[in-house]
Amino acid sequence: MKKASVFPEYRGNMEYYCLGCGKRFGIDELLYTCPECGGVFMLDNLDFKKLSERTGKEWRELFDTRAASKNTALRGIFRFYELMAPVLEEEDIVYLGEGNTPIIEANDHLAEKAGLRFAFKNDGQNPSASFKDRGMACAFSYLKALVRKHGWDEVLTVCASTGDTSAAAALYASYIGSPLKSVVLLPHGKVTPQQLSQPLGSGATVLEIPGVFDDCMKVVENLAENYRVALLNSKNSWRILGQESYAFEVAQWCDWDLKGKCVFIPVGNAGNITAVMGGFLKLHRLGIISELPRVFGVQSHHADPVYQYYSVEDPAKRVYKPVTVTPSVAQAAMIGNPVSFPRVKHFAEQFEAIGGKGSFQVLQVTEQSIMDSMIEANMNGHIACTQGGECYAGLKRAKELGLIAEDEFAILDATAHALKFSGFQDMYFSNSFPPQFGVQPDTALANAPELVIEESAKAELAPEAFTEAAAKTIADKLGLQSK
C-alpha cells in the first residue's frame with residue numbers, strides 16, 4: 001500500500017504549444033491564446049518519452065494500485081499525475097473529491113430498447129455535480145502553484161458559463177480562498193435556477209449579461225487579454241488536461257481493454273471531447289491500451305457547428321463556420337462557436353490515423369429526442385442530465401444509421417446531475433415548454449402529478465374521513481384489492 005501513497009518523483013518539461021502557428025511558450029505565466037497569431041494552446045510535455053521507460057503493464061499496475069491510495073493528492077484525477085500536469089508539487093494539488101465517478105450499465109429493459117449494451121458514466125457525482133470539476137482541479141492546482149511562485153496578493157478568476165463552469169470555478173476558488181476571488185458571467189435568463197444558485201452559494205460575484213454563452217465568452221476573453229485575470233473557460237489548457245482523466249478512468253474501469261467500446265460525448269465548447277480524445281491517445285502512445293475506442297461527438301440541431309463541419313464527407317471540402325444557436329435543453333452544449341474546435345480537429349486526425357475511418361464521428365440529434373432520452377434513461381434508474389440525454393439520443397441515432405453494431409459496448413457521458421435540470425423535466429411532464437424548444441411530452445413517458453381528491457374535501461371532511469376517502473380514491477384508481 002506504501003507504493004500507492006508515494007507522490008511521484010517524475011517531473012515533466014511542459015510548454016504551451018500553439019495549434020495555429022506552432023510557436024511555443026513557457027508556463028510561468030497565465031496564457032490562453034497565442035500572442036503571435038491568436039490560436040489556441042495545447043500543453044506539451046517535452047519529456048513525455050521518458051514515460052516509456054515503464055511498460056504499459058507497469059503503468060496499468062501502478063494506476064490500479066493508486067486507486068486505493070490514502071494520499072489526498074493521489075485520490076482523485078491526479079492518480080494519473082504523470083499523464084496530465086507533472087510539473088505540480090504535492091502541496092499544490094487541490095482535491096475536493098472529484099474523479100472516480102461510476103460507470104452504471106443500463107438495465108436489461110433499457111439495453112433492449114437501445115439494441116445494445118451501454119452505460120452512463122455519472123460525472124454529475126463530482127463535487128459541484130458536473131464534469132467541470134475535473135478541469136478545475138487541475139487549473140486551480142496550477143493557479144495555486146503560480147500564486148506561490150510569484151507571491152501574487154490578489155488574483156481574480158473569471159469565466160463565462162451556462163451554469164456548470166461557474167459552479168465548479170466558484171467552488172474551487174472558495175476552497176482555496178485568498179488571494180483568489182471568483183467572478184462568473186452568465187447569459188441572462190439562459191441558466192436554470194439550480195445552476196444559478198451554485199456560484200452564489202460559493203460566494204462568487206455573479207454578473208448576468210444579455211445574450212447567449214458566446215456573448216459572455218467574448219466579454220471574458222476581452223478581460224483576459226487586457227487585464228490580469230485568470231480565465232477558467234476551456235481556453236485554459238490546464239482545464240483540458242484535468243478533463244483527460246475521464247478517458248483514463250473509462251479505460252481503467254474497462255480493465256484497460258477498449259476493444260469494441262464506443263464513447264459518446266456531448267459537444268458544447270468542445271473542451272471535453274478534446275480532452276477525452278487526447279487522454280485516450282496518451283494511453284495508446286504508452287502502450288497502456290492496445291486499441292482506441294471509437295468516439296462519437298453529439299450535438300443538438302439547435303447548436304451544431306462541429307456536426308456541420310464533419311457532415312461534409314470530403315475533408316478537403318470542409319469549412320468550419322460558427323452557427324447561431326437557438327434555445328436548447330442541453331444548455332451546457334448550446335454554443336455556436338466552440339473555442340476548442342481547432343483542438344478537436346487536431347486530435348480527430350490523430351484518432352483516424354490510428355483507428356481508421358469511423359473511429360471519430362459527430363452526430364446531430366433533435367431537442368425532442370434529447371428530452372425523450374433523458375426521461376427514458378432516468379425512468380430506468382439513471383441520473384442523467386440533458387447532456388446525458390443528448391448522448392443517449394446520439395446512441396440511438398448511431399444505431400439507426402448503422403454506425404454501431406449490437407456487439408459493441410457504449411459508454412455515455414452524463415456530464416452533470418439530473419437535479420440541475422429538474423426545471424426541464426417539470427416542463428416536460430406539464431407540457432409547458434416554450435415553442436422555441438420544439439419539445440412535446442411523449443405520452444408513454446410523461447407522468448405529471450394528478451390531484452386525486454378535491455381540495456374542498458380537505459376542509460369539509462373530518463381528518464379520519466378525509467384519510468379514508470383519499471385512500472379509497474387512490475385504491476380505486478390503482479385497481480388495488482382489499483385484504
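For the range 350-364, a residue qualifies if it is in contact with a Pro (Cβ under 9 Å, 6 or more places away or on another chain) and open to solvent by 10 Å² or more (accessible area, probe 1.4 Å), and exactly one does: G355.
State the number of residues belonging to the range 67-93 that are of a type in the set (D, E, K, R) and in contact with a Leu (Cβ under 8 Å, 6 or more places away or on another chain). I'd like the intermediate steps shown before the answer.
Start the filter on the range 67-93 by keeping residues that are of a type in the set (D, E, K, R), which leaves 70, 75, 79, 82, 89-92.
Now restrict to residues that are in contact with a Leu (Cβ under 8 Å, 6 or more places away or on another chain): 82.
Count: 1.
Counting only residues that are assigned to a helix (DSSP H, G or I), over 23 Å from D407 (Cβ atoms) and either out of contact with any strand residue (DSSP E or B) (no Cβ under 7 Å at 6 or more places or on another chain) or aromatic (F, W, Y) (or both), the range 249-282 holds 8 of them.
In the range 200-225, which residues are within 22 Å of S178 (Cβ to Cβ), polar (S, T, N, Q) and either over 21 Å from the mean Cα position of the chain (by Cα) or open to solvent by 40 Å² or more (accessible area, probe 1.4 Å) (or both)? Of everything in the range 200-225, just one residue is within 22 Å of S178 (Cβ to Cβ), polar (S, T, N, Q) and either over 21 Å from the mean Cα position of the chain (by Cα) or open to solvent by 40 Å² or more (accessible area, probe 1.4 Å) (or both), namely T205. Scanning the range 206-228 for any residue that is within 19 Å of L143 (Cα to Cα), in a strand (DSSP E or B) and basic (K, R) turns up nothing. Counted as qualifying within the range 1-114 are the helices (runs of 4 or more DSSP H) with 2 or more residues that are surrounded by fewer than 17 Cβ atoms within 10 Å (Cβ to Cβ) and among the charged types (D, E, K, R), namely 2-5, 56-66, 108-114.
Residue check: R343 meets all listed conditions (1) in a helix (DSSP H, G or I); (2) open to solvent by 10 Å² or more (accessible area, probe 1.4 Å); (3) among the charged types (D, E, K, R) but one, namely (2).
Just so you know, in the range 179-199 the residues that are in contact (Cβ under 8 Å) with a residue 24 or more places away in the chain and assigned to a loop (DSSP other than H, G, I, E, B) include one that is surrounded by the most Cβ atoms within 10 Å (Cβ to Cβ), and it is V191. Say whether the condition of being touching a helix residue (DSSP H, G or I) at 6+ places or on another chain (Cβ under 6 Å), in a strand (DSSP E or B) and surrounded by 19 or more Cβ atoms within 10 Å (Cβ to Cβ) is met by at least one residue in the range 373-385. Yes, the conditions are met somewhere in the range 373-385. Each residue in the range 462-483 was checked for being over 15 Å from E450 (Cβ atoms), open to solvent by less than 90 Å² (accessible area, probe 1.4 Å) and part of a helix (DSSP H, G or I), and 5 pass.
Against the definition (modelled with pLDDT of 95 or more, touching a Ser or Thr at 6+ places or on another chain (Cβ under 8 Å), under 19 Å from L110 (Cα atoms) and outside any loop (DSSP other than H, G, I, E, B)), how does G394 come out, yes or no? Step through it out loud before you land on a result.
Details: modelled with pLDDT of 95 or more: yes; touching a Ser or Thr at 6+ places or on another chain (Cβ under 8 Å): no; under 19 Å from L110 (Cα atoms): yes; outside any loop (DSSP other than H, G, I, E, B): yes.
Against the criterion (modelled with pLDDT of 95 or more, touching a Ser or Thr at 6+ places or on another chain (Cβ under 8 Å), under 19 Å from L110 (Cα atoms) and outside any loop (DSSP other than H, G, I, E, B)), G394 does not qualify.
Kindly evaluate V263 against the criterion of being in contact (Cβ under 8 Å) with a residue 40 or more places away in the chain, in contact with a Leu (Cβ under 9 Å, 6 or more places away or on another chain) and over 23 Å from G388 (Cβ atoms). Spell out the reasoning first.
Working: in contact (Cβ under 8 Å) with a residue 40 or more places away in the chain: yes; in contact with a Leu (Cβ under 9 Å, 6 or more places away or on another chain): yes; over 23 Å from G388 (Cβ atoms): no.
Here the answer is no, as V263 does not meet what is asked.
Residues that are over 17 Å from D426 (Cβ atoms) and buried (at least 23 other Cβ atoms within 10 Å of the Cβ) within the range 386-397 comprise Q387, G388, E390, C391, Y392, A393, G394, L395, listed in sequence order. Among the residues of the range 419-451, write down those that are open to solvent by 20 Å² or more (accessible area, probe 1.4 Å), touching a helix residue (DSSP H, G or I) at 6+ places or on another chain (Cβ under 9 Å), in contact (Cβ under 8 Å) with a residue 40 or more places away in the chain and in a helix (DSSP H, G or I). Within the range 419-451, L419, S422, G423, Q425, F437 meet the criteria.
Are there any pairs, at least 6 apart or on different chains, whose C-beta atoms fall under 7 Å, with the first in the range 405-416 and assigned to a loop (DSSP other than H, G, I, E, B) and the second at pLDDT 95 or above and hydroxyl-bearing (S, T, Y), and if so, which? Every condition considered, the pairs that remain are T415/S130.
The set of residues in the range 127-161 that are open to solvent by 10 Å² or more (accessible area, probe 1.4 Å) and under 30 Å from W253 (Cβ atoms) comprises P127, A129, F131, K132, Y142, K144, A145.
The values are calculated or read from the model by the stated rules, or taken from the named source; none is laboratory data. Small disclaimer: the values here were computed from a predicted structure and weren't measured. Reconstructed Cβ throughout: ideal geometry from the backbone, glycine too, with neighbour counts over all protein chains shown. Only protein heavy atoms, including side chains, enter the accessible area calculation; ligands, DNA and RNA are left aside. Shrake-Rupley method; radii C 1.70, N 1.55, O 1.52, S 1.80 Å.
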